[in-house]
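To start, the structure itself, in structure tokens.
The values are calculated or read from the model by the stated rules, or taken from the named source; none is laboratory data. Quantities reported herein were computed from a predicted structural model and do not represent experimental measurements. Positions of Cβ are backbone-derived with ideal geometry, glycine not excepted, and every protein chain shown enters the neighbour counts.
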Amino acid sequence: MSDSMNKVAEDNSNGRNESDDLPDPLLTLPFNTLQVGEHFLLHFSDGRQVFGQCLTKVKGMTPTVKINKRSYPTHNLIGLPYGTVLEVERNFLLPLPAGEDLIPSNPLAATKVDEEISNENDAGTAGARERDNRHIVDTNTSQALDQKELVELRNSGTEGAKIVEKIIENSSTFAQKTDYSRAKYVVRKQQKYQPRCRLIRCTGPTICEAMFLKDAKRIMNMRDDTLGQILSYANVSAGCQVLVWETCYGIITGTLAQRMGGYGQILSIYTGQQHSFNEILSKFNLSFPESSSISWVHSGDIYSNSDENDDEEEVDVEKKEREVIQWPCPLQNHTRKYIETFPTRAKQEQFLMKRAARFARKLTRRTPLEARSQVLSRQSDCVVVAVRYDATETLLALLPHLAPSCPFVVYCEFIEPLTLCFLELQRKNLAVNLRLSDTWAREYQILPGRTHPNMTMRQSGGFLLTGIKLDPVFGINELDEDLLKEIRQQMGGRRGKRPRTPNADESNKKTK
């Protein structure tokens with residue numbers, strides 16, 4: 001007994017508990033390789049980005065990803081590390097060894113160009129200096145190969161590098177072009193006949209960038225740098241409660257879930273009968289704790305008058321049904337008979353795993369009334385607004401649910417609604433540190449001797465209104481004279497000095 005007591009005392013003196021050695025289930029780092037069922041992005045050298053999902057078989061069919069109007073299987077991508085470069089072959093995606101780039105560094109065509117340039121330099125640089133593009137006329141007759149021959153080469157399984165080499169050999173104007181024009185011509189043909197793509201992990205910035213290139217209007221023209229500023233100004237961190245209302249296809253909600261890592265609560269407001277963000281949230285590859293941290297709140301629960309519903313107590317039917325369920329529960333007879341029809345043990349375990357996951361989601365999912373009570377009972381740590389509605393009315397309705405001295409962020413693709421909201425907050429003294437900003441970002445081409453901004457770009461990535469909420473009782477911007485006198489008496493003068501008491505001589509002089 002004494003030995004055990006000494007052991008406990010020794011453990012306590014060291015300041016360690018047995019629970020300290022247990023790993024945190026929420027701190028599981030994501031895999032560096034592509035796993036089964038995960039969504040991914042394919043980034044091509046010409047700027048295109050394509051979404052895909054890594055699956056083996058679904059209902060007897062092999063899932064594919066569509067590239068250039070052709071479908072390619074994805075089962076061979078399982079286990080590949082993110083950042084791997086893939087070459088698009090005829091019927092599959094070929095993983096290339098580490099170190100390969102999207103643009104082939106040493107293809108056969110580029111080698112031929114280097115040989116021609118070196119031969120010209122050995123002969124004399126005068127010819128290379130006189131060579132320019134002024135005599136080249138685009139008449140569609142410079143290429144000896146026609147479209148039928150190129151299609152036959154591709155259908156016969158010829159490598160892309162050899163096709164590019166034949167195109168260069170049959171070009172009558174290639175020898176007249178400058179060095180820069182030749183390199184540009186080769187890269188353009190490589191992108192068409194020797195396409196390559198890079199395997200990218202689906203995160204908030206990468207998904208936002210892909211959606212911005214694919215359909216910018218769907219996410220309200222929000223760039224990935226603007227998304228990062230929203231998270232920064234809102235001070236989003238693990239353990240906080242975020243109240244968010246967005247109509248950006250769920251980009252902000254999914255990014256918040258990834259940033260918080262399953263710690264805290266995300267109260268996402270939606271309109272209509274149910275939210276419509278399941279498609280985009282599935283692309284984030286959220287873990288079970290991350291997806292469970294998202295609670296959905298209907299906009300009617302925010303804007304409705306709570307005093308009218310105080311007399312009538314609503315019954316949470318979904319919560320009562322959840323409490324009735326026994327977990328773990330035995331299999332029912334029809335389920336057991338259905339499992340027995342599976343040919344292998346692995347199929348049965350896979351079915352039971354999916355069924356258990358569905359029950360786990362149902363047991364941990366917050367009901368609408370629970371999410372509503374969460375909003376009304378506790379003020380949130382930050383508010384994020386990115387909707388197509390009136391920014392002023394939306395923010396004024398959400399400010400009562402924000403704790404004092406906590407930040408809020410309002411995003412809009414136009415500056416006029418945010419200007420009106422800025423003036424309204426300033427007039428009512430509802431916030432301090434108000435800031436209306438616009439981020440102007442530009443993409444550059446970085447090449448030796450050819451570094452310049454891209455010729456085409458979007459003019460804006462949206463506008464942000466940020467601020468900190470004032471306390472509705474004690475948050476006063478301007479102090480009147482009576483309040484200043486009271487503060488000076490309590491603090492002891494203007495600069496912390498106590499008011500001087502008059503002496504007896506001074507009092508006698510005043511009486512005389």
Can I168 be described as assigned to a helix (DSSP H, G or I) and touching a residue at least 60 places away in the same chain (Cβ under 8 Å)? no
Only one of A175, A210, A183 is assigned to a helix (DSSP H, G or I) and at pLDDT 85 or above. Can you tell me which? A210
Could you tell me whether any residue of the stretch 352-363 is surrounded by 13 or more Cβ atoms within 10 Å (Cβ to Cβ), assigned to a loop (DSSP other than H, G, I, E, B) and within 28 Å of the chain's Cα centre (by Cα)? no
Within the stretch 190-203, can one find any residue that is in contact with a helix residue (DSSP H, G or I) (Cβ under 7 Å, 6 or more places away or on another chain) and part of a helix (DSSP H, G or I)? yes
Residue check for V410: of a type in the set (V, I, T) and at pLDDT 90 or above: yes
Just the residues that are under 20 Å from S156 (Cβ atoms) and surrounded by 15 or more Cβ atoms within 10 Å (Cβ to Cβ), please, taken from the stretch 68-97. Y72, E87, V88, F92, L93
Scan the stretch 40-92 for residues that are under 12 Å from P195 (Cα atoms), among the basic types (K, R) and either in the same structural domain as F351 (by TED's automatic domain parsing) or modelled with pLDDT of 85 or more (or both) and report the count. 1
Could you go through the stretch 266-273 and let me know if any residue there is more than 18 Å from H401 (Cβ to Cβ), in a loop (DSSP other than H, G, I, E, B) and modelled with pLDDT under 90. yes
Anything in the stretch 395-431 that is over 29 Å from A371 (Cα atoms), surrounded by fewer than 17 Cβ atoms within 10 Å (Cβ to Cβ) and either touching a residue at least 12 places away in the same chain (Cβ under 8 Å) or small (G, A, S) (or both)? List them, or say none. F414, I415, T419, L420, E424, N429
When only residues in the stretch 265-285 that are small (G, A, S) and free of Cβ contacts under 8 Å to residues at least 60 places away in the same chain count, which is surrounded by the most Cβ atoms within 10 Å (Cβ to Cβ)? S268
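Report yes if E209 is under 15 Å from A441 (Cβ atoms), touching a residue at least 40 places away in the same chain (Cβ under 8 Å) and not basic (K, R), otherwise no.
The answer is yes for E209.
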Quick one: count up the residues across the stretch 56-82 that are in contact with a helix residue (DSSP H, G or I) (Cβ under 7 Å, 6 or more places away or on another chain) and of a type in the set (A, V, I, L, M, F, W, C). 0
Per the list (1) over 27 Å from R435 (Cβ atoms); (2) in contact (Cβ under 8 Å) with a residue 24 or more places away in the chain; (3) surrounded by fewer than 21 Cβ atoms within 10 Å (Cβ to Cβ), residue check on L199 breaks on (3)
Mind listing whichever residues of the stretch 168-189 are within 41 Å of the chain's Cα centre (by Cα) and not polar (S, T, N, Q)? D179, Y180, R182, A183, K184, Y185, V186, V187, R188, K189
Return yes when G228 is of a type outside the set (D, E), closer than 22 Å to T439 by Cα and surrounded by fewer than 23 Cβ atoms within 10 Å (Cβ to Cβ) and no when it is not. yes
